[in-house]
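What follows is a set of notes on a single structure, which appears directly below.
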Amino acid sequence: MNARPPHRGRVRRFFGFFREAVRDNEVNYTKEPVPRALGLLAIPMMLEMSMESVFAVVDIAFVAQLGTDAVAAVGITEALITVLYALAMGMGLAVTAMVSRRIGAGNADEAARVAGQAIWIALAVSMLIGVLGASYAGDLLTLMGASTSVIDTGTGYATVLLGGSFSIVFLFLLNASFRGAGDAAIALRSLWLANGINIVLDPCLIFGLGPFPEMGVTGAAVATTIGRGTGVLYQLYYLLRGKGRLNFAVEHLRFVPHLAVRLLKVSAGGVGQFLVATSSWIGVMRIVAIYGSAPVAAYTIAIRMIEFVLLPAWGLGNAAATMVGQNLGAGHPDRAEHSARKAGFYNLVFMSVVGAISFTFAEEITGLFSNDPDVLEYGADCLRILAIGYPAYAIGMVMSQAINGAGDTVTPTILNLVAFWLVQIPLAYALAEAAGLGPNGVFTAIVVGESLLTLLAVAVFRSGRWKLHSA
């Protein structure tokens with residue numbers, strides 16, 4: 001009998017491990033070998049973040065067929081939406097940190113109560129932003145420096161996305177609860193569902209296929225909001241069934257003031273952290289807008305493609321945050337540190353490979369979305385310049401997430417403030433205007449700011465003070 005080739009056995013083991021990672025399991029992440037535990041968390045979390053990035057890529061692929069103004073409208077609106085992402089992701093950091101600590105300590109009931117408080121906070125935040133955003137969508141586009149044609153094209157898109165902010169806030173916060181508990185596969189499935197609906201509805205609502213109305217760029221926002229909203233309904237259905245590590249019940253929805261206040265306090269650092277980071281992207285977009293719709297469209301396309309890479313890498317950072325939180329809760333600080341270092345190494349390898357591909361095929365990637373010569377030139381330049389910093393981004397995002405996972409959301413906020421507001425934005429304007437580099441100067445400043453953030457995050461992580469933080 002012939003022996004089975006060794007590579008077949010490895011492939012079989014890999015797919016077996018993959019199937020285990022994407023389905024519900026009862027693995028104890030504080031006791032499994034670190035590489036195995038990290039892999040079981042990282043695979044669904046990276047796929048989850050990939051699904052989030054698919055929203056951006058799918059929308060821009062269809063909207064690009066409507067012209068440069070439509071792409072610019074999406075880009076400027078997305079710059080505004082990043083503020084909402086900052087709130088949702090910042091609060092999500094706190095939810096993950098608090099849930100993971102309690103799960104690691106064996107207190108699933110208290111972890112479920114944290115998730116209950118997150119639901120009430122998500123409701124309040126999404127209602128406030130939804131009403132204000134939908135009411136002043138056109139004014140916000142004007143404030144961002146959009147041209148008259150872009151405002152006419154994109155006001156409907158901005159109104160729907162901002163008005164439907166509940167779908168973003170709930171999706172992020174509920175998934176943060178599942179991730180903190182170690183139920184990453186549930187978060188992944190909610191994004192699969194949301195993306196499937198978005199992919200089907202996007203062309204139907206943008207171009208008016210079949211019985212659907214032709215809504216243009218606004219249709220992309222409607223499709224995305226319906227898709228995300230359906231994902232939220234799935235999350236709530238699963239949560240209220242009471243299965244999984246959270247073992248959630250209706251009684252956990254009872255408002256607990258001291259726990260809600262604690263969640264808000266930890267969230268403040270996380271929200272501040274992302275507001276600093278995302279507002280810097282708004283500042284960058286505002287500088288790029290000086291040079292017209294073509295650079296804005298090119299920057300929008302490039303950032304959408306970069307998100308397709310950065311969000312999966314961010315998923316590995318989320319896995320590190322969960323490992324850190326659960327292991328600190330279980331009283332294993334050295335294991336928490338080892339988990340973060342392993343995640344950083346894996347992310348470095350992943351991002352270096354993707355960065356090389358992005359640099360080499362920058363023109364071809366941009367050409368998938370536009371044939372405008374100016375957009376092609378600016379887009380390719382942006383992809384190449386930003387790809388140079390991919391290895392630094394890989395390490396920085398894992399180290400920052402590890403610190404967040406320990407419950408210290410304030411320190412990364414300070415690091416973001418220094419790297420982005422004190423360095424990146426002033427440097428972007430100086431290189432673009434004073435040095436005469438135009439949009440390429442802005443792209444170069446992004447690399448400098450992100451690389452500085454990595455150096456600062458590594459220094460803080462190596463100090464070890466984050467191990468002493470409570471969540």
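The values are calculated or read from the model by the stated rules, or taken from the named source; none is laboratory data. Here the structure is a predicted model, which is why all the values come from computation and not from measurement. All Cβ positions, glycine included, derive from the backbone under ideal geometry; neighbour counts span all protein chains shown.
Figures for the structure shown
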| quantity | calculated |
| --- | --- |
| Selected residue [crowded, with 18+ Cβ neighbours inside 10 Å, on the phi < 0 side of the Ramachandran plot, under 18 Å from the mean Cα position of the chain (by Cα) and of a type in the set (Val, Ile, Thr)] from Ile395, Ile365 | Ile395 |
| Selected residue (only one of Ile81, Ile151, Ile103, Ile119 is within 21 Å of Trp314 (Cα to Cα), touching a helix residue (DSSP H, G or I) at 6+ places or on another chain (Cβ under 8 Å) and of a type in the set (A, V, I, L, M, F, W, C)) | Ile81 |
| Candidates Gly106, Gly182, Gly156, Gly163 - the one that is surrounded by fewer than 24 Cβ atoms within 10 Å (Cβ to Cβ) and on the phi > 0 side of the Ramachandran plot | Gly106 |
| Meets criteria (of a type in the set (Ser, Thr, Tyr) and crowded, with 24+ Cβ neighbours inside 10 Å) for Thr82 | no |
| Helices (runs of 4 or more DSSP H) completely within region 319-408 that count 3 or more residues being of a type in the set (Phe, Trp, Tyr) and either under 22 Å from Leu453 (Cα atoms) or without any contact (Cβ under 8 Å) to a residue 24 or more places away in the chain (or both) | 333-360 |
| Pair list, Cβ < 7 Å and 6+ apart or interchain, from region 246-273 residues that are touching a residue at least 12 places away in the same chain (Cβ under 8 Å) and β-branched (Val, Ile, Thr) to residues that are buried (at least 17 other Cβ atoms within 10 Å of the Cβ) and not in a helix (DSSP H, G or I) | Val266/Gly407; Val266/Thr409; Val266/Ala471 |
| Qualifying residue in region 19-32 (condition: closer than 30 Å to Tyr299 by Cβ, of a type outside the set (A, V, I, L, M), modelled with pLDDT under 80 and surrounded by fewer than 24 Cβ atoms within 10 Å (Cβ to Cβ)) | no |
| Unique residue being modelled with pLDDT of 90 or more, surrounded by 21 or more Cβ atoms within 10 Å (Cβ to Cβ) and of a type outside the set (A, V, I, L, M) when the list is Gly315, Gly325, Gly331 | Gly325 |
| Residue satisfying all of: in region 10-41; within 22 Å of Ala340 (Cα to Cα) and aromatic (Phe, Trp, Tyr); farthest from the chain's Cα centre (by Cα) among these | Phe17 |
| Tally, over region 33-66, of residues that are crowded, with 18+ Cβ neighbours inside 10 Å and either free of Cβ contacts under 8 Å to residues at least 12 places away in the same chain or of a type in the set (Phe, Trp, Tyr) (or both) | 2 |
